[in-house]
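A quick write-up on the structure given underneath.
The values are calculated or read from the model by the stated rules, or taken from the named source; none is laboratory data. A quick note: this is a predicted structure, and the numbers were derived from the prediction, not measured. Methodologically, a virtual Cβ is constructed for each residue, glycine included, from the backbone with ideal geometry; neighbour enumeration extends over all protein chains shown.
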Amino acid sequence: MKKLISATVVILLASIGTATAQSGPFLAATVSYNSYLSVDAPNGNSLYYSGAEVATPSWTDKTLMVGFEGGVYASEALRILAGGGFNRTVAPGHDVYPGNAAAGIPSYDQTPSKASTNYTVFLGGDFCLGSKNTKPFVGVRARGAYGNNQMKYKYSYDSKGNSVAETWTVGGAIVVGADYTFQGGLILGCQCDLFSYTYGAVRYKPQPGLATNAAHCNNFGVFAAPTIRIGFNF
């Protein structure tokens, strides 16, 4: 892996010119695969719970996510950037819809209320090369994410309160990519993780007062998580 990283850096240095100055900060929207774990709170009214399973944070198992990033140039060749994304979903539940057994009309069971919140953040730096308009780069990223999912059968006479599942990930990556700046400051770019590592964990508490059930996972990626960047340089 060290030889692969070294060879990539050498190829970039050999194929491009010197870095040029870039004025002002930049702000961009990104389209990439999300970096948080997917988890659902278990049924909070059960008497038995199986072992918790954690979904691997592999980018190949994820859906697309829109995020934002911004940064500044600390020098002609070095830029510092940060970004992230946020998602909030709320689904209200409903009571039982009774049927009529004698007439063959089935009943609809109640639907639990659900609420899900996810955050993703990252901090990184890039060494930029190339001409004034075209800038290949090699960089590093430190990433983190948190997710919270809750479910409650609030219409049930035996409801025991919220069932909660929490998940988080931390990791880092070496990234490679390139940006092209059009006249007027429009930026169009792409990147991918040359190498990445992510540690993920999930915790379940299906009923208030119960002990937490937890699980963990590790993920390694090579040439993973392609990302498109569209933004402006100010």
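Tyr153 fulfils the conditions (1) among the aromatic types (Phe, Trp, Tyr); (2) farther than 16 Å from Arg229 by Cα; (3) surrounded by fewer than 20 Cβ atoms within 10 Å (Cβ to Cβ) except for a single criterion, (3). Within the option set Thr56, Thr60, being among the polar types (S, T, N, Q), modelled with pLDDT under 85, outside any strand (DSSP E or B) and within 18 Å of Thr227 (Cα to Cα) holds for one residue only, Thr60.
Among residues of the stretch 51-78 that are more than 18 Å from Lys132 (Cα to Cα), those with a beta-carbon under 7 Å from a residue that is modelled with pLDDT of 85 or more and in a loop (DSSP other than H, G, I, E, B) at least six positions away or on a different chain give the pairs Gly70/Pro25.
Of all residues in the stretch 80-105, count the ones that are without any contact (Cβ under 8 Å) to a residue 24 or more places away in the chain and part of a loop (DSSP other than H, G, I, E, B). Selection size over the stretch 80-105: 7. The residue that is nearest to Asn45 (Cα to Cα), among those in the stretch 136-167 that are of a type in the set (Ser, Thr, Tyr) and assigned to a strand (DSSP E or B), is Ser163. The set of residues in the stretch 168-223 being in contact (Cβ under 8 Å) with a residue 12 or more places away in the chain, under 30 Å from Tyr49 (Cβ atoms) and assigned to a loop (DSSP other than H, G, I, E, B) consists of Pro206, Gln207, Pro208.
For Arg143, the requirement of being charged (D, E, K, R) and at pLDDT 90 or above is met.
Checked against the criterion of being more than 19 Å from Ala29 (Cα to Cα) and in a loop (DSSP other than H, G, I, E, B), the candidates Lys114, Lys132 yield just one match: Lys132. Contact annotation: no residue pair with Cβ atoms under 8 Å, 6 or more positions apart or on different chains, pairs a residue in the stretch 106-123 that is under 14 Å from Thr169 (Cα atoms) and among the charged types (D, E, K, R) with a partner that is modelled with pLDDT of 90 or more and crowded, with 16+ Cβ neighbours inside 10 Å.
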